[in-house]
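> I'd like to ask you about the structure that follows.
Bear in mind that the values in this text are calculations on the coordinates, not laboratory data. Because the structure is a prediction, the values reported are computed rather than measured. Cβ coordinates were reconstructed from backbone atoms using ideal geometry, including for glycine residues, and neighbour counts include every protein chain displayed.
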Amino acid sequence: MNHENSRELYDRALSVLPGGVNSSVRASMPYPFFVEDGDGAHVVDADGNRYLDYVMGYGPLLYGHDLPDPVEAAIQSHASAGPMYGAPTEVEVDLAEFVTRHVPSVEMLRFVNSGTEATVSAVRLARAYTGRDKIVVMQGGYHGAQESTLVEGGPDGARPSSPGIPESFAEHTIPVPFNDTDTIADVFAEHGDDIAAVLTEPMLGNMGVVMPVDGFHESLRDLCDEYGSLLIFDEVITGFRVGGLGCAQSEFGITPDLTTLGKIVGGGFPVGAVGGRAEIVEHLTPGGDVFQSGTFSGHPVTMAAGLETLRYAAENDVYDHVNALGEQLRAGITDILEERAPEYTVVGTGSIFKTIFTREGRGGEGRCEAGCRQREDCPNYDACPKTGADVAAAETNRWERVFWQEMKDRGIFLTANQFEAQFVSYAHTEADVQRTLDAYQDAL
Ligand SMILES: *Cc1c(COP(=O)(O)O)cnc(C)c1O
C-alpha cells in the first residue's frame, strides 16, 4: 500500500495543527491516512487505498458514508435555505419531539454542539438543581474534554488527568470503579449529602466496551434515590445505537434523571443534547437561572440531519441489520479466538464490537458466544474486563503497533487503539463481515 500523499499531508499538518490533527485519537502511528472520500461502508484515502470502515466517525455514522435519500435531501435543503439564523426553527421542535417520544427519560431537552458541551451542561444543571458540588464518575468513563471529569485517582482522592486543570476542579469529582457497587455504596455513605449526581455511561464505551454486571444500574438508581442525587446517563455513544430508538436506558430498563446525547442524534454533524425530566431541565436559562447558551445550538442543518436519520431508522430495518451483523462479527471473532488466542475477550453489543487483548482468558465451553455479557457462569468471568483498569491492563501495545497495522494493511480500518469502540453501519454487508473475519483470522 502506498501512503505517500498521506505522509506528505501529515508533514504539512504537523506544522500548523498540534500533533497534526484536530482530535487526539486521529493521530494513528506512524502517521494517519488522510481520507479523501467516503463510499458506503468504505473510506478511500489520499493515495487511493480503500478500507472497510469500522471507525464510522467514532460513532456518529449509523448509515456509513452514503446517507439515505431523505437524509441527504433534508441536509441539502436546509443548507441552501441559509445555514443558520440565531432565531428558532421548526426542525428543532420536530427533532426534540421525536427524541422525547422515544427516549424514556427525556421529557424536555436542550440541543448543544458536542457531547462535551452536553455533559458540561448536565453537570452544571445537576449541581444547581441539588445545590451540591460533588459528582461521582466511573474510572475509564469518558465524558468529553470537560474539566470536571478529566480526573484520575479513586474514591480517596482525585487529581486532574491533564495539565491546565486546577486541582480544585478535581476536588469535587469522585472516581469509582465501574461495576463496583460496594465501593460506590461506601462513597455514598461518606459523601452522600454532598453528591449532586452520578455521571456514567450505561456501559463503558470509550474504554474497550465494558458491560454492567447484573444489578449494577439498579444499585446506582437506588443509591441516587436514597441520597437525593441525580443519575445521569451519558448516552453520547450508546444513544440511538444500543437499544435502538429508546437508547441503552430502554435496553437496561433504567430511567436516569438526566441523559446526555450526541453523535448519532446529529446525523453526522456536530451535536450534543442534555435532556431529562422537565422539572429539572426547565432550570436552564432563559426559563430558569442555570446559564446555558450557544451560537450554533440547534443548528438547522444538524437538526434536519438528525431528524431524518432517526425517522429513517424508525421506518426501516436499520437496527435489525446493524445488530445482526454486529452479532455475526462478535460470534465469528469469538470462534477465531477459541483457536488462536483464547486469552482475549470479545466485547460489545448491538452494532458495537471490539476485541480486548486480555491476558488471562481461557476460552472454552460455555464462553459468552457473541461478546462478554458478564455472566457469572462463564468460564472467563474472572478474566473478562469489569472496570476501566481491567481494560488498561490488556496488551494495548500489541493492538496499536501490530494488530491494527496488520488489519489496515488488509484493508480493514479499525479504531487505532485498544480503547475506542468499533461500529457496524447500515452500509455493511454479510460479505463485508466475512472478509473482516478472514482478516482477523490472518492477523491474530
Ligand atoms: C464521544 C463522547 C463524548 C464527547 O462527545 P464530543 O462530541 O466528542 O465532545 C462524551 N461522552 C461519551 C460517552 C462519548 O462517547
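> Using the Cα centre of the range 69-315 as the reference point, and only Cβ charges (+1 on K/R, -1 on D/E), how large is the resulting charge dipole? Debye, rounded to the nearest 20.
With only Lys, Arg, Asp and Glu charged at Cβ, the dipole is about 640 debye.
> Please list 164-170, 328-334 highest first by mean number of surrounding beta-carbon atoms within 10 Å per residue.
328-334, 164-170
> Taking the Cα atoms of the range 69-315, what is the range of coordinates along each of the three principal axes, in descending order and whole Å?
Rounded to whole Å, the extents work out to 55, 35, 34 Å.
> Could I ask something else about it? Under the rule of at least 5 residues apart or a separate chain, name every residue whose amide H is placed under 5 Å from the amide H of His172.
For His172, no residues qualify.
> Sticking with this one: Between the range 364-415 and the range 160-228, what is the C-alpha centre distance in whole Å?
24 Å
> Kindly state, to the nearest 0.05, the FRET efficiency for Ala79 paired with Glu369, given R0 = 30 Å and r defined as their beta-carbon distance.
After rounding to 0.05, the efficiency reads 0.10.
> Moving to a separate point now. For the range 258-275, just list the computed ³J(HN,Hα) in residue order, Karplus coefficients 6.51, -1.76 and 1.60, θ = phi - 60°, integers in Hz, with x standing in for Gly and Pro.
10, 9, 9, 10, x, 6, 4, 5, x, x, x, 10, x, 7, x, 7, 10, x
> To continue, here is another question. Can you put Ser23, Ser148 in order of Cβ neighbours within 10 angstrom, beginning with the fewest?
Starting with the residue having the fewest Cβ neighbours, the order is Ser23, Ser148.
> Over the chain, consider all pairs of different Cα atoms and compute the Kirkwood hydrodynamic radius from their mean reciprocal separation; express it in Å, one decimal.
22.4 Å
> Run the simple label-point estimate for Asp320 and Asp377 please: 7 Å along Cα→C-beta, distance reported in nm.
Result: 3.1 nm between the two label points.
> Right, another one. In what order do Ser219, Ser105 fall by count of nearby beta-carbon atoms within 10 Å, going from fewest to most?
Listing Ser219, Ser105 from fewest to most nearby Cβ atoms yields Ser219, Ser105.
> Ok, one more. Output wanted: per-residue J couplings in Hz (rounded whole) for the range 399-409, from phi through Karplus 6.51 cos²θ - 1.76 cosθ + 1.60, θ = phi - 60°, x for Gly and Pro.
Working through the residues one at a time gives 4, 6, 9, 10, 5, 4, 5, 4, 5, 4, 4 Hz.
> Give the order of His321, His217 when sorted by the count of other beta carbons within 10 angstrom, beginning with the fewest.
His321, His217
> For the range 365-373, take each phi angle, set θ = phi - 60°, evaluate the Karplus expression 6.51 cos²θ - 1.76 cosθ + 1.60, and give the result in whole Hz per residue in order, putting x for glycine and proline.
Calculated HN-Hα couplings, in order: 3, x, 4, 3, 7, 9, x, 4, 10 Hz.
> Between Arg401 and Arg12, what is the spin-label point distance in nm, taking each point 7 Å from the Cα along the Cα→C-beta axis?
3.2 nm
> In nm, give the distance between the simple-model label positions of Arg26 and Asp182, each being 7 Å from the Cα along the Cα-to-Cβ direction.
Label at Arg26, label at Asp182, 4.5 nm between them.
> Above 20 Å lies some portion of the pair distances; for the range 52-140, what is it as a whole percent of all C-alpha pairs?
Of all Cα-Cα distances in the range 52-140, 60 percent exceed 20 Å.
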